[in-house]
Structure formats: C-alpha cells, structure tokens
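What follows is a short report on a single structure.
The values are calculated or read from the model by the stated rules, or taken from the named source; none is laboratory data. In this text the structure is predicted, and so the values were computed from the model without any measurement. For neighbour counting, all protein chains shown are included, and Cβ atoms are generated from backbone atoms with ideal geometry for every residue, glycine included. Ligands, DNA and RNA are excluded from the accessible area calculation, which covers all protein heavy atoms including side chains. Shrake-Rupley method; radii C 1.70, N 1.55, O 1.52, S 1.80 Å.
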Amino acid sequence: MSAFLDALAERVLVFDGAFGTWMQDQHLTADDFGGPALEGCNEMLVLTRPDLVSQMHDEYFGTGIDAVETATFGAFDLVLNEYDLAHRTHEINVAAARLAREVADRHAADGRPRFVIGSVGPGTKLPSLGHIAFAPLRDGFQEQVEGLLEGGIDVVLVETVQDLLQGKAAIIGARRAMAAAGRQVPIMVQVTVETTGRLLVGSEIGAALTALEAMGPDVIGLNCATGPAEMTEHLRYLAQHARTYLSCLPNAGLPSVVDGHTHYDLTPTALADAHERFVTDFGINIVGGCCGTTPAHLRAVVERLGNDRRPVARTPEFEPGCSSIYSHVPFHQELSYLAIGERTNANGSKKFRDAMLEGDYDVCVAMTRDQVREGAHVLDVCVDYVGRDGTLDMEEIASRFATQASLPLVFDSTEPQVMEQGLQHHGGKAILNSANLEEGEGEGKRMDRVFKLAREYGAAVICLTIDEEGQARDADWKLRVAHRIYDLATQKYGLDPTDLIFDPLTFPLSAGSEDLRRDGIETIAAIRRIKAELPGASTVLGLSNVSFGLKPAARHVLNSVFLHECMEAGLDAAIVHAARILPMHRIDEHHREVALDLVYDRRREGYDPLQEFITLFEHVDPHAVEREDLASLPVDERLKRRIIDGNRDGLEADLDAQLADMPALAIVNDVLLDGMKVVGDLFGRGEMQLPFVLQSAETMKAAVSHLEPHMEKADSAGKGTVVLATV
C-alpha cells in the first residue's frame, strides 16, 4: 500500500492545473528553451529554466492542493526526437521529478503529505492506425518512467489517452520500469473524450473502461479535450461501472480564439461548482485541471472542497466482458449466448485460409463483416497453418482486424508468441484461446506463458479441460482440471475469475465408438458444475466438434440442438458459425427428437440414434435445412413465415403480390404483425434466441419501409395514444 492510496481511501485529493497555460503567461523566449531549435519544447525547461518550473509547482501547492504533475507530458523519445533530444530522455525525466519532489517535500513540512505525479503523455503517433509499432512505443514509455522513478515520483499518470493501444503500451512500459527499478508505485490512466463523445480513434467510454481496467490501474478518469460539462455523462458511466478510484481533470471549458490567442472561458467558480457536483454525485476521488486552468482555478476548488472531504462511496455494477477498440461486449448475453464467430479461423474455414495464404486481406476483412451481419459478438482469429510463420500472418491479420472489424477478437493459437503479436495490435480487451495443463504448471510451460500474457495485456482466457493425462472425458475429470486451472489463475497469476472462460470440450458424437457415446452428457454436466463451483467464471464450447464427420445438413441440426441443451445447462458462449445455428422451431420435430436421443445416448434394442440420424440426412440438401422452400404457400402465409424466420429474400416481391389483394396498412396489421406475435411467443418459450428475434425485427422494418409509400394519408389519421416501453 502506498501513502497516496492511503490518502485516497480517506479523502478527495486535488491535483494542480495546466502546465502550458502557466508557462505561456511567463512570455518565454527562445533563449529560455536553450535556443531557437528547441523553442516550444516545454520539457526542456526542467533543464534550462528549473527556477520557473519550481516556481510553478510552488504556486500550485500554495493554493492548498495535494499533488503536482511533473513537467514531462512529452518527455519520451518519440516526442523528444523531434528536437533531437531523445538521448536526453532519462536526464529530463529525472530532473523534472526531482524538481517537483523538492517543492512537494517543502510544503509537506506542515504534516500533510504532498504527492508528485509522473506525467506520461500520449505522444504524437497513434499505434492503432499504424503510425508506430507497439514495442518501440512501449520501450519509450519504459525509459521515461525509469527516469521518473529515479527522480522520486509517487504515482505514474498515463494521461490524455487518445488511442487505447497507446494507453496499454504506456501501462506495460511503466510496469516494466517498476520491475527494473525494484519499486512499485500506483498507476493512474486518464482518457480524453472528444466533443464527438468518443476518443480520437473512435472508442466509446465503455470500451475504454473495459480495456484499461483490465490492465489493473489504481485510478481511471478523464482529462483534456473538453470542459466539465461535456465530461458529465462519461463520468456518470465510470461512476456506475468502474471498480477503481476515479479522477477528473477537465479543461477550463472549450477553447475559443480571442485576439489571435487561445482563450478558455470557464471561471474558477464554475470549475469549483463542477467538481463539487462530481464529487457529490459521482464519487470522484481526484479532481484538478487541465488546459486553461490556473492557480486561481485550483484555489477555488480547494476552498470549495477543503482538504478533508470524505469520498462518496459507490456501488459500481461491474459487467464482465471484452471489447473492440470501439465498444464493450458483455460476456453474459441476455436470453442468448455470446457468439464467437469461427469463420476467421484458418483451420476451420477454407475460404479464410485461402485468402490469407494468397495475401487477399480484403476478403479476410470482408469475412469479419459477414459475421457481424450473421450475429457474431466476438471473432475467433486463428492463423496457424503448417509451414507458415504464424507471427507474420498474425501481424498482417491483426493489424487490419483491430480497426476494420467492429467486434472484439479472440486470438487463437497453439503458440503464445503468435497470440502476443495479435495483442500488440488490439487496443480493446481481447480473449486468448487457450490455456491448458497439457504441459503442466511449470515456468515457461504453455499455461504459464498464456496467463502471463493475459496479465500483462489485460486479456481474458479460454481454459481447456486438458491436463497431463490428456483431454478430460467425464464430468469429474473435467472439474478436477477446471478447479486446478482456476486456482492457479487466480492465486498465482492474479487473474480475475470473470476473465476465465472454461471450455469443457466434447468429442464428436458422430464417431460411433462406445467410449464416445456419453461425451455430450458429460459435457453438459460439466457446464452445470463449472457454473456452480467456480464463482465468476464463464463457459464456452467449440460447438462444431460435436458433429464432426457428419454431412452438413445433419451438422447444422445437431449443433443447434446441442447448443440449446448446453444453454439450458448454463453455457455462456459458443464458437460457432452463427448463420448455421437454427432456432428450435425451425427444426423438424422428429429430427430434433433423434438429435436429443443422440446427445443423451438414448439407445434401445433395435434403435441406434446415431444410425437413425445419419439416415435421416443422407440425401438432405443443407440449404433445405437452413431455409424452407416457401413457394407452395399462399402469399400471406409466406409473408408471415418470412417475418418469423427473418428471411428477407423475396420479401419485396411477396409484398407487391399481396398489395394486389390488400391495402398496405392491412398487410401490416393483419399479416406481418401476426408473424411478430409468433416471434414473441417463441422467444418467451426459449425456442428462439435474441439474434433471431433481431433478424425478424429487421425483416419487419424492411417490410414496413417497402409498404409506406402505398399507405394513404388517411391511414395515419385518428391515432390514439401510443405507449412505448423497453426492458
């Protein structure tokens, strides 16, 4: 525990204000920076004008604040290299930290501790957009923090994060610096949300929280870009969901230009009003100022809050999940399952593998979009292929998917170094597939390497029930392995239980071997027990393995039925081709019953469900299973079935045919809405999952849009009260 965290537990802390604003008021010349070539390099002032930097810290501490940030916002090689100063990175950071330390210690003589916060800015290049590779960025941050630690900082502040991948590189660099120095200090991270409501690269605040909280910082917050008014809703989200301490360092409002100079309009009183509201309403633990804020602003804040304001307790609602660089995806999907799209796996998709081998990355990216449309929530990315260098393939694929795919990624490989290559391109929170005990527990074994990657990069992990004896077969064996992995992950590696996703595995039920007949039963039993015995953990299945070897039509049915049974047992996620999963009402009742007999090994004399199942689908076209031929039905019945099935193929032609006999509004009220009622009934009985409901809703929307031009104005007259409700 540090003195800084001790203080945070007891009271709200106040940080200083803007560095640049204060320095601009000093009317510096090129000589102050060390010559014309260095003019504008504020970080150089700690060497050329240490008196001014110390004076600034002194003025801020004189207002009664608790902490100052070091004058090192751009003091790492990437930025300093623009002034040919990269070789002085360590020197500048040590000097800056020592200046702040001396002033802080002098003010702490009154008995109240004062803190030095090591400022680590974002730099000038965005790794997610390929401006700079992850490793050199991380190493540059490490060198900076090593200097700050030597100079005596109390906290590392990774601030003004505009790109989540940059923020992760800075946190990892800081942790490596601490390990090298043998000294641990708390880490703060603050993102910058633009007036668009997102970070510069497009991240929502939910994605930022999910990705960065997984990195284990002590404080998460906002700074820069906007004033407090524009930060309010983002702070509200953090207050509702973040499990860390919270900080808020806004600008003095939005800037304007007055007489050719940047001007900030927010008054000291207005900043104090905002911070008092944030502390009271949102439980913010650290307040202060960014661009445009002056000692006068911070004096007003201190006078309003005092130095003994107790923090307001929060009860955040943590939602375990993963994220792309853009948005958060919860592991728990209400009334559905987390669909992990399997089509971007080189071992399971010939189309993806061929495109990857040919270097046709446009096709690879297009396949991610197809899976989004089909209902996937997360994408499984596997580039493993015999004779190929997986790290190079992952470099090509992950660098594109990280920004061009809107969904979070699962990095799926037998080689941890291939997973790490993916992680170095993914600004969101990824999932690693997989960890197991096949090689045992020791240093350098596969599980050790995967769990260390998860801890360093803030990833979740799919854990397979495999130990030194092989793949666990019965439920007891599966649970022994799962308990062992769970205990190691949480106790030895410090992983959060909610970041463990257990795959109890199943062998194909299609092989017919006597020793495989109960695999479905044991897998379902294991799912129930994992949910009951491993608090916080989730479950997942690589679903298609259960039907391996069967014809496509049979596979679609067995996969769908087995998924339904596993969900009834508590399954959270499945690696699937989402478009090939059928809702239960779409499966022939006899086909479904035989599939259940196969899953539960309900053999009897003269009846083998496996042989019956194979016979049923011997001459069945898989497309006939996926989509029923509606041509023989009356047009009104066809339209109703299209709504129920979410089938838009031929929708407009059927609507035009129906318009010959019925007015447009009657089609909506008497035909289409009947279909939606069936959808509601099926959803309520658990026979239709949410993705299929959404497909039906989109089909209904398309149908109404097509009919709207045919509706008379009179149709919209005389409407009564409409009540809309959401759950």
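Averaged over its residues, region 1-131 has an accessible area of 39 Å² per residue, based on protein heavy atoms and a 1.4 Å probe.
Proximity of backbone amide H atoms, modeled 1.01 Å from N, is registered between Phe502 and Cys463, Ser538, Thr539, Val540 at under 5 Å, excluding neighbours fewer than 5 places apart on the same chain.
Accessible surface of Arg580, taken over heavy atoms with a 1.4 Å probe and every protein chain present, rounds to 80 Å².
For region 337-431, a simple Cβ point-charge model (Lys and Arg +1, Asp and Glu -1, everything else neutral) yields a dipole of about 340 debye relative to the Cα centre.
Taking the DSSP beta bridges with both ends in region 382-512, the antiparallel portion is around 15 percent. The label point for Gln184 and the one for Met711, both projected 7 Å from the Cα toward the Cβ, are 6.2 nm apart.
Among the GluC sites (Glu not before Pro) in region 290-369, those placed in a DSSP loop whose Cβ has at most 10 other Cβ atoms within 10 Å are Glu317, Glu334, Glu358.
Within the chain, the selection of entire DSSP H helices by a Cα span of 30 Å or greater along the long axis and an average Kyte-Doolittle value of at least 0.0 returns an empty list. Taking every DSSP helix (H) stretch of at least 4 residues in the chain, weighting each as -39,500 (n - 2.57) and dividing the sum by the residue count yields a mean residue ellipticity at 222 nm of -13500 deg cm²/dmol.
Working note: Karplus 6.51/-1.76/1.60 with θ = phi - 60° gives region 108-117 the couplings 6, 4, 7, x, 9, x, 10, 10, 10, 9 Hz, where Gly and Pro are set to x. Of the peptides 130-143, 597-610, the ranking by mean beta-carbon count within 10 Å, highest at the top, reads 130-143, 597-610. Sorting the segments 556-567, 645-656 by their mean number of nearby beta carbons within 10 angstrom, highest to lowest, gives 556-567, 645-656. Between amide H atoms placed 1.01 Å from N, distances below 5 Å from Asn345 occur with Cys382, all of them 5 or more places distant or on a separate chain.
With a Förster radius of 56 Å applied to the C-beta separation of Asp370 and Asp265, the computed FRET efficiency comes to 0.70.
Using C-alpha pairs under 8 Å with a sequence gap of at least 6, the mean separation divided by the residue count of the chain gives a relative contact order of 9 percent. Relative contact order for region 320-416: 33 percent, from Cα pairs under 8 Å spaced at least 6 residues apart, divided by residue count. Each Lys or Arg adds one and each Asp or Glu takes one away; over the other residues whose Cβ falls under 12 Å from the Cβ of Ala454, this sums to -1. Protein heavy-atom surface of the chain, 1.4 angstrom probe: 49% of the accessible area is carbon and sulfur, with nucleic acids and ligands not counted. A simple count of charges around Asn93, restricted to other residues whose Cβ falls under 13 Å of its Cβ and scoring Lys, Arg +1 and Asp, Glu -1, yields -4.
Within the assembled protein chains, the solvent-accessible surface assigned to Lys677 is about 130 Å², based on a 1.4 Å probe. Let me know the shape class of region 459-542, please: from the alpha-carbon gyration tensor, a ≥ b ≥ c as square roots of the eigenvalues, rounded when a/c is under 1.5, otherwise prolate if a/b is greater than b/c, or oblate. Prolate. Annotation: aspartates and glutamates with alpha-carbon distance below 18 angstrom to Lys531 (same-chain offsets under eight excluded): Glu319, Glu334, Asp474, Asp476, Asp487, Asp496, Asp499, Asp503, Glu522, Glu565, Glu568, Asp572.
Please figure out what share of the DSSP beta bridges in the chain is antiparallel and state it in percent, rounded to the nearest 5. Roughly 15 percent of the DSSP beta bridges within the chain come out antiparallel.
In the chain, taking the dipole from charged Cβ atoms about the Cα centre, the farthest positive-side position among Val722, Pro535, Pro311 is held by Pro311.
Cα centroid separation, region 635-658 to region 286-334: 50 Å. Using Cβ point charges alone (K and R +1, D and E -1), the dipole size of the chain about the Cα centre works out to roughly 960 debye. Peptides 152-159, 374-381 ranked from most to least packed by the mean count of surrounding Cβ atoms within 10 Å: 152-159, 374-381. Between amide H atoms placed 1.01 Å from N, distances below 5 Å from Thr160 occur with Gln190, Asn223, all of them 5 or more places distant or on a separate chain.
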